[in-house]
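Read through the structure below, which is laid out as structure tokens, and then see the notes.
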Amino acid sequence: MHEADVWADSIANEMYGRLYDIYSTPDYKIACALAFRLAAIENCRIYTVDEGDRYKIHARFNTSNS
């Protein structure tokens, strides 16, 4: 699980930097670690999709100042 968390940390940083907003992986551990890392960000909403053989994580960031 540690390797999945390290991998998810780097992906979360790229998603937080708005390089992309969807990540797809066949690895369940990476998908879970990424979803939990992104969910810890206050202005981030996470959507996950289980496509059977792949897991998609969508991140939406609230950029409004209200």
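Here are the numbers for the structure shown:
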| quantity | calculated |
| --- | --- |
| Solvent-accessible area per residue for the chain (1.4 angstrom probe, square angstrom) | 70 |
| Of the trypsin sites (Lys or Arg not before Pro) in the range 14-66, those whose Cβ has at most 11 other Cβ within 10 Å and which sit in DSSP loop | 18 |
| Over the chain, volume per residue of the alpha carbon convex hull, in Å³ | 70 |
| Between 0 and 90°, nearest 10: helix 2-16 axis offset from the chain longest Cα axis | 30 |
| In degrees, nearest ten, helix 28-39 long axis to first principal axis of the chain (Cα) | 10 |
| 3J(HN,Hα) from dihedral phi, the range 42-51, Karplus parametrisation 6.51/-1.76/1.60, rounded to Hz, x for glycine, proline | 4, 9, 10, 10, 10, 10, 10, 9, 9, 9 |
| The chain, accessible surface, carbon-and-sulfur percent (1.4 angstrom probe) | 51 |
| Value at 222 nm in deg cm²/dmol, rounded to 500, when DSSP H runs of n ≥ 4 in the chain each add -39,500 (n - 2.57) | -13000 deg cm²/dmol |
| Cα centre as origin, Lys/Arg/Asp/Glu Cβ charges: the chain dipole, Debye | 240 |
| Distance in nm between pseudo-label sites at residue 62 and residue 1 (7 Å out along the Cβ direction from Cα) | 2.9 |
| FRET efficiency for residue 19 and residue 51, using Cβ-Cβ distance with R0 set to 30 Å, rounded to 0.05 | 0.85 |
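The values are calculated or read from the model by the stated rules, or taken from the named source; none is laboratory data. No experiment lies behind these values; they were computed from the predicted model shown. Here Cβ is always computed from backbone atoms with ideal geometry, including for glycine, and neighbour counts include all displayed protein chains. All accessible areas refer to the heavy atoms of the entire protein, side chains included, with ligands and DNA or RNA removed. Shrake-Rupley method; radii C 1.70, N 1.55, O 1.52, S 1.80 Å.
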